[in-house]
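All remarks here apply to the structure that follows.
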Amino acid sequence: MTRRRFIRESMALTIALVFLLFAATAVWAAQSDGDQGDGSSNGCSNLPDHLALQTALNSAVLTETSGLNLHMWATLVDRDGIVCAVAFSGRDRGAQWPGSRVISAQKANTANSFSLDNTSASNGSGAPHGLALSTANLYSAVQPGGSLFGLQESNPVDTSNAYQGPSSQYGQTNDPLVGGKVGGVNVFGGGLGLYATDKKLVGAVGLSGDTSCADHNIAWRVRKNLGLDHMLGVGGVSGDANRPDNIIYDITPNPSGGTGNSAGGFGHPKCINTGDPSLLPAVQP
């Protein structure tokens, strides 16, 4: 083999290797950003950014004064449960319950994990109109004797992810939760699925920092402010087509003591200074 031919073939091999490396990097980057390589796109690019969440949260907290009227934590996750943004409404991270930061992420994970859109339907099974379940809808179902008893133990929080990083970054654009999966299942009010145009489920929002009833109402207003409530016609358990995943107050005291009985099986207990759920804004088409 002549020296010139050796150089020429070596250059060709190098170019081929560079091309393969570039292609592999592009695939990895696309999948890291939520493109699963199968035509789906579940990434944070489909969700509002930190500033949009912060703005929506501040407005919702100002509007909703039920419960204890406290400041709040809010978390967005994408359809894969990856945290996309975390924000708080107070003057600093200590102005709302510190423990509610992870709880808000847990609620977002739960609402995302147990809600569906119409793509769930195929071969005679699934929910042809989708099925939205808020974390508030799960309270009675997970109690002893309930249809989902034990659910709250099924997907534990990843504590190595939940508590990593410097506290000074909590609630900022670089919150250590962002980009990771917190996991966890929470079964009281504050978590809601996020439905974009065409009623496509793109993730969820979780709110924590007040009574669980107020958390639900504020989460509802945050979702409305973000414009991710395209849910008219989506299935739910609330019995209200205009608010399919709304909180339900149908629990009556148990004469034997302990947890009360929910008439429909998806009820939530009332809280201090409970707001009227029927006054929450209706979802949009």
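The values are calculated or read from the model by the stated rules, or taken from the named source; none is laboratory data. The structure presented is a predicted model; accordingly, all values stated were derived computationally and were not measured. Ideal geometry is used to build each Cβ from the backbone, glycine not excepted, and the neighbour counts take in all protein chains shown. When the accessible area is computed, the model is the full protein with side chains, heavy atoms only, and any ligands, DNA or RNA have been set aside. Shrake-Rupley method; radii C 1.70, N 1.55, O 1.52, S 1.80 Å.
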Note on the range 86-95: residues surrounded by fewer than 24 Cβ atoms within 10 Å (Cβ to Cβ) and either in contact (Cβ under 8 Å) with a residue 12 or more places away in the chain or of a type in the set (Gly, Ala, Ser) (or both) are 89, 90, 93, 94, 95
Subset of the range 151-183, residues over 16 Å from residue 110 (Cα atoms), touching a residue at least 40 places away in the same chain (Cβ under 8 Å), part of a loop (DSSP other than H, G, I, E, B) and open to solvent by 50 Å² or more (accessible area, probe 1.4 Å), comes to 163, 172, 173, 178, 179
Among the residues of the range 69-88, is any under 19 Å from the mean Cα position of the chain (by Cα), in a loop (DSSP other than H, G, I, E, B) and either over 20 Å from residue 135 (Cα atoms) or of a type in the set (Gly, Ala, Ser) (or both)?
yes
Please verify whether the range 176-187 includes one or more residues that are closer than 27 Å to residue 65 by Cβ and in contact with a helix residue (DSSP H, G or I) (Cβ under 9 Å, 6 or more places away or on another chain).
yes
Would you check which residues across the range 132-147 are out of contact with any Pro (no Cβ under 8 Å at 6 or more places or on another chain) and open to solvent by less than 60 Å² (accessible area, probe 1.4 Å) and list them?
133, 134, 135, 136, 137, 138, 140, 141, 142, 143, 146
Any hit, the range 186-195, residues being part of a strand (DSSP E or B), more than 24 Å from residue 227 (Cα to Cα), touching a residue at least 12 places away in the same chain (Cβ under 8 Å) and among the β-branched types (Val, Ile, Thr)
no
Of residues in the range 240-264 being more than 17 Å from residue 213 (Cβ to Cβ) and surrounded by 16 or more Cβ atoms within 10 Å (Cβ to Cβ), the one modelled with the highest pLDDT
244
Got a number for residues in the range 224-259 being in a loop (DSSP other than H, G, I, E, B) and under 18 Å from the mean Cα position of the chain (by Cα)?
10
